[in-house]
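Report on the structure given below.
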Amino acid sequence: MTPRELLLDTFNGKRTERVPVAPFIYNNLVNEYNGGSSADPIADSVALYKRFGFDILLRSYIMMDYLDESFVSCESWKVEKQIKQAALGWNEICTITTPERVLRQTKSFRKVSDNETVEATTEYFVKEEADFRQFEKYQPSLPQYDCAKLTRARELVGDGGLSGTWIHGAFNMAGLHRKLDDLLMDPYVDEDLYNDMIAYFTDRMIALVPQLIGAGCDFLSVSGNMASGSMAGPKMFEEFVMPHEMRLIDAIHKSGGRMIYHNCGDAKFLLPLYAKMGIDMYESLTEAPYGDTVLSEALSIIPPPTVLSGGVDQISFLKVATPAEVRERVKTVLELAKPRGSFILAASDYFSEGTPPENLQALADAGFEFGKY
């Protein structure tokens, strides 16, 4: 059985010969293993999976064009960008001029390690209702994007596994356009505005899905971290977030794709709701201190056919443990997970830089050794 067949059978709820070992490898590690900068992140990511013998769930690349308003710039939606250098990185200022208003967004990019740069929105387009109404009135429809790298990724992965890309979930999409504390209050102070915003931005994502699946994505990784258990909480999530996330999930399935729902933070009190959403795979089962999930509880709260993925902390454990300790942790995780089935061994998020390669190899080797059903 090839790794591709193994992962497909796992996603389809079939009994497999072993637990897949398919961690999330991101560009920070790819850059580290390629002298600080990878000239071909997709090919180098595939090579890194193969170096350690992992099953491939490739998603180290992101099709962010759909969030770049310059792709739809026109007379009634005129987009201008400005880059300003900062002490530890740079700021990107985007202004959108409509016949009625000027909208402005600022993103800050900062280098947090030798091989990783992160971004954060510090000024949001939607500061008040009239700003959002400009999106409804003037934002052009999504164009046909160049998805060639998605097709190439699928070809490079071959029978080694599955390939996909990242998209934002419904709440995350709204949270990219409106400040989070405002967005969390909107359902209670202006429910009509909230419902209009999250429906509108979810519709934009739904319109993009067929392009990504059609280009060759086996799955889409859906970011759901903003509406975490500590931010939204179960009551708000069930009433104001979950129905919109389920619309997106349904659209992915209708386009012939699968999806991974990603919350790398607090999730303990959301797990019963995740169990009802039709999620194909949920990650990352993040335990304390970086989350509040207890692995043994999650395995029983979310039943198959939803696949669960995670089990090994990559921050406080995997960077400092010995290979023998990694082997023992993997054995413990798989002893818990195998009776349930529908499990993929991985870290609680993407690997950190500086993780000893012998620990990554120990993770792979122990996964194969103890993962046989």
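The values are calculated or read from the model by the stated rules, or taken from the named source; none is laboratory data. No experiment lies behind these values; they were computed from the predicted model shown. With ideal geometry, Cβ positions are generated from the backbone for all residues, glycine too; neighbour counts draw on all protein chains shown. Just so you know, the surface numbers come from the protein's heavy atoms only, side chains and all, with ligands and any DNA or RNA stripped out. Shrake-Rupley method; radii C 1.70, N 1.55, O 1.52, S 1.80 Å.
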Check your understanding: If you bin every alpha carbon distance in segment 299-373 into 10 Å steps from zero, what whole percent lands in each bin?
Key -> 21, 52, 24, 3
Exercise for review: Show the residues, 5+ positions off or on another chain, whose built amide H is closer than 5 Å to the amide H of SER221.
Suggested key: THR165, TRP166, ILE167, ILE260
**Study point:** Principal-axis tilt of helix 323-337 within the chain, Cα atoms, nearest 10 degrees
**Key:** 80 degrees
Check your understanding: Remind me, what semi-axes does segment 15-58 give for its equivalent ellipsoid, largest first in whole Å, using sqrt of 5 times each Cα gyration tensor eigenvalue?
Key -> 24, 8, 8
Check your understanding: In terms of the ratio Rg/(2.2 N^0.38 Å) built on C-alpha atoms, what value belongs to segment 91-148?
Key -> 1.45
Check your understanding: Any idea what the relative contact order of the chain is, in percent, if you count C-alpha pairs under 8 Å spaced at least 6 apart?
Key -> 19 percent
**Study point:** Spatial extent of segment 139-235: Rg and Dmax, with the Cα atoms as the point set, Å
**Key:** 16.2, 51
Check your understanding: Among residues other than GLY216 whose Cβ falls under 15 Å from its Cβ, what is the net charge (Lys/Arg +1, Asp/Glu -1)?
Key -> +2
Exercise for review: Write down the radius of gyration of segment 177-321 and its Dmax, each obtained from C-alpha positions, in Å.
Suggested key: 15.9, 51
Point to revise | Local electrostatic count, SER348, Cβ distance below 9 Å [Lys/Arg +1, Asp/Glu -1] | key: -4
Point to revise | Filtered GluC sites (Glu not before Pro), segment 56-96: DSSP coil and at most 14 other beta carbons within 10 Å | key: GLU75
Check your understanding: Whole-Hz Karplus ³J(HN,Hα) for segment 22-30, in order, using 6.51 cos²θ - 1.76 cosθ + 1.60 and θ = phi - 60°, x for Gly and Pro?
Key -> 9, x, 8, 9, 10, 5, 4, 6, 4
Practice item. Enumerate by residue number the trypsin sites (Lys or Arg not before Pro) in segment 103-145 meeting two conditions: DSSP loop (anything except H, G, I, E, B), and at most 16 other Cβ atoms within 10 Å of the site's Cβ. Key: LYS127
Practice item. For segment 303-356 and segment 126-175, write down the distance between their C-alpha centroids in whole Å. Key: 29 Å
Study note, to complete from the structure: For LYS268, the lysines lying under 17 Å Cα to Cα, once residues fewer than eight places off in the same chain are dropped, come out as LYS235, LYS276
Practice item. Using a 1.4 angstrom probe, figure out how much accessible area segment 260-373 has per residue, in square angstrom, rounded to the nearest whole. Key: 37 Å²
Review point. Given the rule -39500 (n - 2.57) for each run of at least 4 DSSP H residues, summed and divided by the residues of the chain, what is its mean residue ellipticity at 222 nm, to the nearest 500 deg cm²/dmol?
Key: -11500 deg cm²/dmol
Review point. Considering only the chain, what is the antiparallel percent among its DSSP beta bridges, to the nearest 5?
Key: 50 percent
Exercise for review: Find how many whole Å separate the alpha carbon centroid of segment 11-33 from the alpha carbon centroid of segment 47-77.
Suggested key: 18 Å
